[in-house]
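Working notes, structure below.
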Amino acid sequence: MENSELLSEIKRTFKEEINALEAAYQRIDDSYTNAVEIISKANKIVLTGVGKSGLIAKKIAATFSSIGISSVFLHPVEALHGDIGIVQKGDVAILISKSGGTKELVKLVPYLKMQSAQIISIVGNMNSFLAGNSDIVLDGSVKREACPHNLVPTSSTTVALVIGDSLAVAAMKYRNVTIENFARLHPLGQIGRNITVRIKDIMHKGTAMPVIKTGSKILDAILIISEKGLGCVCVTDDNDNFLGLITDGDLRRALQKEIDIRDAMVDSVMTKNPIVCQESAFLGEVLAIMEQRPSQLSVMPVVNSENRLCGVVRIHDIILSGV
């Protein structure tokens, strides 16, 4: 098969799934807001499904948990062998099924009701058993799967996933989940650290800081850059006031201009008044400054409120600190 044929098939798949989402978007009604309200007030969210729908259910459960809404995945077969005990009064069960008649879920419904759980179903058949026996039904139907044989769950699972995502995002709005709330649930991730850890906690400082005094020779600056291994050196006056920055890139540009680095002084090569950050800044603030530029910054001097040099931080320090 030619590459052009493969590319055409890939584009067709994208288009098919986009069309399925557009159709689902047009069907949004008050049942969604009703679902968000009971989800937001629930004791716990229990998601279940079989096969590919089960995998989608697991992902949605993880999304709810990540925003502070207690959520678990319950395998429908294991549920009927004792695991139904995890469902309690005040819980909301979300059932995902393309046919709406998946036998494992059909068998599970009466036992969920015995546990006094409210049931939300995401189904592809609005006339199915699950649709008729749920408190809220969300239409996840698709005209056809993106699979060329209309067999492999593709468009249907995409629609179910987006419906789940929409419920989670709306629930965040309903419960007023803030960035700070989200960060507390991700303490070891980059997201959490971006708004809880400050630059002063990870910057290179003291003897690890590459610094040289104004009036020094470029050759001395090169030695310091090599010794400290941060790809830069900061230029200060005798009172540690920050004056400028010399990076590996500055040195390359100096050579391109045919500056004689044997006799040149740091003041003639350094970038004066470069972008700096305060030591009290959060990682996320500085990361945004470094990334959201036509040419990304790889290193940034850290100063205090009086513009005295405190340290140096690299973009790698910020990212690796969240690993």
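Let's see how each residue does on (1) in a helix (DSSP H, G or I); (2) out of contact with any Leu (no Cβ under 8 Å at 6 or more places or on another chain); (3) not β-branched (Val, Ile, Thr):
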| residue | (1), (2), (3) |
| --- | --- |
| Ile10 | yes, yes, no |
| Leu21 | yes, yes, yes |
| Ile28 | no, yes, no |
| Tyr32 | yes, no, yes |
| Val36 | yes, no, no |
| Asn43 | no, yes, yes |
| Leu47 | no, no, yes |
Top-ranked residue of the stretch 261-300 - restricted to ones that are of a type in the set (Lys, Arg) and closer than 21 Å to Pro210 by Cα, ranked as most open to solvent (accessible area, probe 1.4 Å):
Arg262
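Here is a yes/no grid of residues against (1) touching a helix residue (DSSP H, G or I) at 6+ places or on another chain (Cβ under 8 Å); (2) open to solvent by less than 60 Å² (accessible area, probe 1.4 Å); (3) in a helix (DSSP H, G or I):
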position	(1), (2), (3)
Ile96	yes, yes, no
Leu105	yes, yes, yes
Leu108	yes, yes, yes
Leu112	yes, yes, yes
Ser116	no, no, no
Leu138	yes, yes, no
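Matching residues to (1) among the polar types (S, T, N, Q); (2) modelled with pLDDT under 95:
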position: Ser70; (1), (2): yes, yes
position: Gly101; (1), (2): no, no
position: Lys107; (1), (2): no, no
position: Gly124; (1), (2): no, no
position: Leu130; (1), (2): no, no
position: Ser134; (1), (2): yes, no
Of all residues in the stretch 175-202, how many are open to solvent by less than 50 Å² (accessible area, probe 1.4 Å), within 17 Å of Leu287 (Cα to Cα) and either at pLDDT 95 or above or of a type in the set (Val, Ile, Thr) (or both)?
3
Got a number for residues in the stretch 252-284 being at pLDDT 85 or above and of a type in the set (Asp, Glu)?
2
All-but-one check, Gly249 against (1) open to solvent by less than 30 Å² (accessible area, probe 1.4 Å); (2) modelled with pLDDT of 90 or more; (3) within 34 Å of the chain's Cα centre (by Cα), failing number (2)
Cβ-Cβ distance below 7 Å, separation of 6 or more or different chains: which pairs start in the stretch 236-261 with a residue that is free of Cβ contacts under 8 Å to residues at least 24 places away in the same chain and end on one that is part of a strand (DSSP E or B)?
Asp250/Thr271
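The values are calculated or read from the model by the stated rules, or taken from the named source; none is laboratory data. Everything quoted here is computed from the prediction, not taken from an experiment. Please note: Cβ atoms are built from the backbone with ideal geometry, for glycine as well, and neighbour counts cover all protein chains shown. Note: areas computed on protein heavy atoms with side chains; ligands, DNA, RNA excluded. Shrake-Rupley method; radii C 1.70, N 1.55, O 1.52, S 1.80 Å.
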